[in-house]
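Let me begin by presenting the structure, written as structure tokens, before commenting on it.
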Amino acid sequence: MSNASRRTFLKASGAVAASAFVGASRLTAKPSHVPIGLQIYSVRDQLSKDFDGTLAKVRASGYTVVEAAGYYNKTATEFRHSMDVAGLRCVSTHHPLDMLRSRLDELIEYGHVLGLEYMVCSSSGGVHRDPSNKRDELTLDDWRYVAGEFNRIGEKVKAAGMTFGVHNHTPEFAQEGNVLVYDELLRLTDPKLVIFEMDCGWVYNSGHQPVDYLSKAPERFPLLHVKDIAKGADGKVQLPVLGRGTMDYHAILRAATGLKYYFVEQEEYQMEPFEELRENAEYMRKLNA
């Protein structure tokens with residue numbers, strides 16, 4: 001999901017041998033029994049026009065779990081009822097950091113009604129160490145402050161029986177000096193309080209490899225966003241149906257041994273939206289087989 005869209009609407013030789021075996025296993029194992037999930041930002045336009053009908057089409061397209069991105073003026077009871085009727089489970093939700101900081105208690109209460117397992121920060125844009133700073137761009141010191149906020153929010157979310165996570169776009173892969181922001185966020189956040197939802201497409205588009213991060217610390221990444229990336233003739237980024245771009249999800253899923261859920265996210269369409277979503281679900285079903 002784009003940043004802008006989110007603002008408007010993450011010893012001894014025996015031990016060495018054992019470690020090598022574990023590392024090899026991480027690269028060869030595939031997560032099993034992972035349900036096919038959708039980030040319903042993918043159908044934001046349809047949901048705003050026909051909420052219940054759209055959810056029914058999502059289920060018919062092959063998805064069983066979803067991640068929310070906004071609640072469409074529904075009460076928690078209404079939102080949960082619509083999910084139940086459609087045969088879907090809403091296991092995760094996205095909120096920007098400024099909302100999490102100002103309305104956390106309310107969002108936790110809403111999440112309990114939905115039966116959420118995860119609450120995820122969708123974007124950290126505009127949150128600065130110095131609140132008088134109104135720029136969108138964050139400095140490294142700002143990101144370090146944000147990491148502290150993640151720990152604080154994560155502690156409260158954990159106490160409420162859920163898990164707090166951080167979703168990335170491309171700003172998290174900015175570099176200041178020899179420090180990569182994403183690496184600093186991983187270093188400064190407490191693994192007991194904060195997990196990361198890797199948006200594989202934006203990691204790749206930032207010049208990095210999802211497999212590298214997943215291989216080093218798969219337990220930090222129980223959630224993934226799945227999208228494909230391609231470059232058009234004009235050099236601009238395109239987001240095609242899964243399997244038609246450059247992403248290698250065979251390798252990514254083999255490395256993602258800590259995976260609990262993934263969510264397909266189709267941000268733009270070339271064909272009828274639900275035709276593309278069905279194609280994406282079938283692509284992921286074959287990978288899971």
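Computed from the coordinates by the stated procedures, all read-outs in this text should not be read as laboratory data. Model, not experiment: these values are computed from the prediction. Counting neighbours? That spans all protein chains shown, and the Cβs are built from the backbone with ideal geometry, glycine included.
Here Val127, Val179, Val157 are placed in order of increasing Cβ neighbour count within 10 Å, fewest first, which gives Val179, Val127, Val157. Dividing the summed helix terms, -39500 (n - 2.57) for each DSSP H run of n ≥ 4, by the number of residues in the chain produces a 222 nm estimate of -13500 deg cm²/dmol to the nearest 500.
Segment 196-237 and segment 104-120 have their alpha-carbon centroids 26 Å apart. Listed by chain and number, the lysines placed with their C-alpha closer than 16 angstrom to that of Lys158 are Lys192; residues fewer than eight positions away on the same chain are left out. I'd like the FRET efficiency for Arg244 and Asp105, computed as 1/(1 + (r/R0)^6) with the beta carbon distance as r and R0 of 30 Å, rounded to 0.05. Using R0 = 30 Å, I get an efficiency of 0.10. For a straight C-alpha distance cut-off of 19 angstrom, the aspartates and glutamates reachable from Lys134 (same-chain residues fewer than eight places away being disregarded) are Asp98, Asp142, Glu149, Glu172. Taking only the C-alpha atoms of segment 150-197, the Rg (one decimal) and the largest Cα-Cα distance, Dmax (whole number), read 11.8, 38 Å. Separation of segment 251-279 from segment 32-51 is 11 Å, based on Cα centroids. Greater than 32 Å separation of Cα atoms is the criterion. Which listed pairs, Lys49/Lys156; Lys156/Lys216; Lys74/Lys231; Lys74/Lys227; Lys74/Lys260, meet it? Over 32 Å Cα-Cα: Lys49/Lys156; Lys74/Lys231.
Among DSSP bridges having both ends in the chain, what percentage is antiparallel? Round to the nearest 5. Don't jump to the answer; show the numbers that get you there.
Details: 4 of 33 bridges.
Approximately 10 percent, going by the DSSP bridge assignments.
Here the chain is treated with +1 on each Lys and Arg Cβ and -1 on each Asp and Glu Cβ, and its dipole about the Cα centre works out to around 720 debye.
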